[in-house]
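Q: I'd like to ask some things about the structure below.
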Amino acid sequence: MNLIRLANDKTLDSTQARELLRKALQKNEADSVIEAYNSLDTVNMPAGNTIWRLSNAISWVAGKTEDAERKLEISKVAGQILAPA
């Protein structure tokens, strides 16, 4: 819970979010994550421009990925993004 609390306290804008995703995801995946991150959706993702929302946006994209292996890889990125640097 503390990790989630910390992630929810760390703000970042779309440019910073894209930079975090640059090496971890394919361009089309990163674009989908940023689109979800920038959306007004607060039903599937928490509100705010935070690491916690970014992690949820990554998970959202993973959930829509058909290839099971790639889905797992993207889901791992969602968890890794929460780890303190």
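What follows draws every value from the coordinates through simple rules; no lab data is involved. From a predicted model like this one, the values you see are computed outputs, not experimental measurements. Backbone-built Cβ (ideal geometry, glycine too); neighbour counts: all protein chains shown.
Q: If you place +1 on the Cβ of every Lys and Arg, -1 on the Cβ of every Asp and Glu, and leave all else neutral, what size is the dipole of the chain about its Cα centre, to the nearest 20 Debye?
A: Dipole of the chain, to the nearest 20 debye: 220 debye.
Q: Could you pull out every residue, at least 5 positions away or on a different chain, whose amide H is within less than 5 Å of the one on T50? Hs are placed 1.01 Å off N in the peptide plane, and Pro or chain starts have none.
A: Here L12 satisfy the definition.
Q: Within 10 Å of each residue's Cβ, count the other Cβ atoms and sort S55, S32, S14, S75 from fewest upward.
A: In order of increasing Cβ crowding within 10 Å: S14, S75, S32, S55.
Q: How would M1, M45 line up from fewest to most surrounding beta-carbon atoms within 10 angstrom?
A: Going from least to most buried by this count: M1, M45.
Q: Just how far, in whole angstrom, is segment 29-85 from segment 1-16 if you go by their alpha carbon centroids?
A: When both Cα centres are located, 13 Å separates them.
Q: For segment 8-16, just list the computed ³J(HN,Hα) in residue order, Karplus coefficients 6.51, -1.76 and 1.60, θ = phi - 60°, integers in Hz, with x standing in for Gly and Pro.
A: 6, 8, 8, 8, 7, 9, 4, 5, 5
Q: Quick one: Karplus J couplings for segment 67-79, per residue in order, coefficients 6.51, -1.76, 1.60, θ = phi - 60°, nearest Hz, x for Gly and Pro?
A: Working through the residues one at a time gives 6, 4, 5, 5, 4, 5, 4, 5, 4, 5, 4, 4, x Hz.
Q: Using the alpha-carbon atoms, what tilt in degrees (0 to 90, nearest 10) does helix 27-38 show relative to the longest principal axis of the chain?
A: Tilt of helix 27-38: around 30 degrees.
Q: Can you give me the distance in nm between label points at K64 and L82, each placed 7 Å from the Cα along the Cα-to-Cβ direction?
A: In this crude spin-label approximation the distance works out to 2.2 nm.
Q: So what's the net charge close to R22: Lys and Arg +1, Asp and Glu -1, counting the other residues with Cβ under 14 Å from its Cβ?
A: With Lys, Arg at +1 and Asp, Glu at -1, the neighbours total 0.
Q: Roughly how many nanometres apart are two label points built 7 Å out from the Cα toward the Cβ at E19 and N49?
A: Once both label points are built, they end up 1.3 nm from each other.
Q: A further question on this structure: Can you list the HN-Hα couplings for segment 41-56, worked out from phi with the Karplus curve (6.51, -1.76, 1.60; θ = phi - 60°), rounded to whole Hz and with x for Gly and Pro?
A: With the stated coefficients, segment 41-56 comes to 5, 10, 8, 8, 9, x, 6, x, 9, 10, 4, 4, 5, 4, 4, 5 Hz.
Q: Counting other beta carbons within 10 Å of each Cβ, put K27, K64 in order, fewest first.
A: The fewest-first ordering by Cβ neighbours comes to K27, K64.
Q: Compute the distance in nm between two label points, each set 7 Å from the Cα along the Cα-to-Cβ direction, one at N28 and one at M1.
A: Rounded to a tenth, the inter-label distance reads 4.1 nm.
Q: Using Cα pairs under 8 angstrom and six or more residues apart, how large is the relative contact order of the chain, in percent?
A: 32 percent
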